[in-house]
Amino acid sequence: MLKPPVPRPLAGRRVLITAGPTHEPIDPVRYIANRSSGKQGFAIAAAAQAVGADVRLIAGPVELADPKGVSVTHVESARQMLEAVEAELPADVAIFAAAVADWRVAHEGGQKLKKTGKAIPPLQLTENPDILATISKLGEKRPGLVIGFAAETEHLIDNAKAKFARKGCDWIVANDVSPATGVMGGDRNTVHLLTKGADGVHVASWPIMTKDEVATALVAEIAKKLNKELT
Ligand code: CTP
Ligand code: CA
């Protein structure tokens, strides 16, 4: 017997996703990094691909297999990530799940820094480009739906609302990344979807779910929004 066809509500849509940490070089052998595993972004890529989207995943250094049927660009640094994102535009939807390093070393060493005799080297930092804010502010090439994440360890909703106002994106997925939650590196996530309602920011608090379930639910919301705009 034939199986019923899988619904493909994102068929014909290009979905761009960033995921994972970035690595910011200090010298040829050292870097600044963070604890992001990339699992949530990869799960979103797989979920969007499963419902027909043409998915372009820009991934920082992660220990995950490329999701099937997804075009993946592997990068290391925030600047490389921004360049790779720009190369994939235009897109219908962009989801910025990466934990981009906020700072990089101002003067990267061309050779391995040595401890011989000298004082401890000070690491002077400089700010990385904000990929989400950059893409949110694009004119013609801005994706129709731009979604950011807000990783917070305290005052989750207040901080996420402030970030929402600052970034210029359309939705924010807020999550608590305090060590006790196990979100960083773990398989579960508790998220709040912030959208803009007629009377201000609307917060939908989802129950704790696996990262795969969060991905499926987020992709369903995206499909609902895009297909409503069509009718
Ligand atoms: N982001 C980005 N480029 C950066 C920093 C952040 O694209 N250089 C994106 C993240 O992918 C996420 C959103 O911006 O979608 C929020 O990231 P977050 O680290 O929570 O916020 P920041 O604005 O960097 O503020 P802070 O780290 O101080 O909370
Ligand atoms: Ca940050």
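Values in this text are rule-based calculations from the coordinates and carry no lab data. All of these numbers come straight from a predicted model, not from anything done at the bench. Cβ coordinates were reconstructed from backbone atoms using ideal geometry, including for glycine residues, and neighbour counts include every protein chain displayed.
In segment 137-200, how does Rg compare with the Kirkwood Rh, expressed as the Rg/Rh ratio over alpha carbon atoms? Don't skip to the end; give the middle numbers.
On the way: Rg = 13.2 Å, Rh = 12.8 Å.
Answer for segment 137-200: 1.03.
GNM on the chain, alpha-carbon springs under 10 angstrom: the most fluctuating residue among Ala84, Ala11, Ala99 is Ala11.
Give a quick list of GluC sites (Glu not before Pro) in segment 35-85 that DSSP marks as loop, anything other than H, G, I, E or B, with at most 11 other Cβ atoms within 10 Å. Please list the in-between numbers first.
Values: sites: Glu63, Glu76, Glu83; in loops: Glu63, Glu76.
Of the GluC sites (Glu not before Pro), the ones in loops of segment 35-85 whose Cβ has at most 11 other Cβ atoms within 10 Å are Glu63.
Add +1 for every Lys or Arg and -1 for every Asp or Glu among the other residues with Cβ under 11 Å from the Cβ of Asp27, and state the total. Write out the running numbers ahead of the final one.
Values: positive: Arg30, Lys112, Lys114; negative: Glu108.
Taking every Cβ under 11 Å from that of Asp27, the sum is +2.
Extension gain for Leu125 to Glu63 (0.36 nm times residue separation, less C-alpha to C-alpha distance): 19.6 nm. Exposure proxy shown here: for Val6, Val72, Val219, the number of other Cβ atoms within 10 Å sets the order, fewest to most, as Val6, Val72, Val219.
If you take every residue apart from Asp170 with its C-beta less than 11 Å away from the C-beta of Asp170, what net charge results, scoring Lys and Arg +1 and Asp and Glu -1? Result for the neighbourhood of Asp170: +4. Between the beta carbons of Ser178 and Trp103, assuming R0 = 22 Å, the FRET efficiency works out to 0.55 to the nearest 0.05. In segment 64-197, the inverse of the mean reciprocal separation of distinct Cα atoms equals 17.3 Å; this is its Kirkwood hydrodynamic radius.
Looking at the chain alone, DSSP beta bridges between its own residues are antiparallel in about 40 percent of cases. Distance from the C-alpha centroid of segment 1-65 to that of segment 74-90: 13 Å, rounded to the whole angstrom. Relative to the Cα centre, the charge distribution of the chain, modelled as +1 at Lys and Arg Cβ and -1 at Asp and Glu Cβ, gives a dipole magnitude of about 200 debye. Among the listed pairs Lys39/Lys68; Lys141/Lys167; Lys196/Lys225; Lys196/Lys228; Lys196/Lys224; Lys68/Lys141, those whose Cα-Cα separation exceeds 23 Å are Lys68/Lys141.
Using C-alpha pairs below 8 Å separated by at least 6 residues, the relative contact order for the chain is 19 percent.
Against the chain, whose longest principal axis comes from its Cα atoms, helix 211-230 is set at around 60 degrees.
Positive end of the dipole of the chain (Cβ unit charges, origin at the Cα centre): among Leu132, Gly117, Ile147, the Cα lying farthest that way belongs to Gly117.
To one decimal place, what Kirkwood hydrodynamic radius in Å is obtained for the chain from all pairs of distinct Cα atoms?
Values: mean 1/r = 0.0537 Å⁻¹.
Answer for the chain: a Kirkwood hydrodynamic radius of 18.6 Å.
Using R0 = 45 Å, the C-beta based FRET efficiency linking Ala198 and Leu2 works out to 0.50.
Given their separation in residues at 0.36 nm each and the Cα-Cα distance between them, Thr134 and Arg79 gain 18.6 nm when the chain is fully extended. If you take all other residues with their beta carbon under 15 Å from the beta carbon of Pro121, and give Lys and Arg +1 and Asp and Glu -1, the sum is +3.
For segment 1-61, the Cα gyration tensor yields ellipsoid semi-axes of 34, 11, 7 Å (square root of five times each eigenvalue, largest first, whole Å).
Could you state the number of Å between the C-alpha centres of segment 117-145 and segment 187-231? Between the Cα centres of segment 187-231 and segment 117-145 lies a distance of 26 Å. One way to sum up the overall shape of segment 60-121 is the equivalent ellipsoid from its Cα gyration tensor, whose semi-axes run 33, 14, 10 Å, largest first. Among the GluC sites (Glu not before Pro) in segment 131-231, those located in a DSSP loop and surrounded by at most 15 other Cβ atoms within 10 Å of their own Cβ are Glu140, Glu154.
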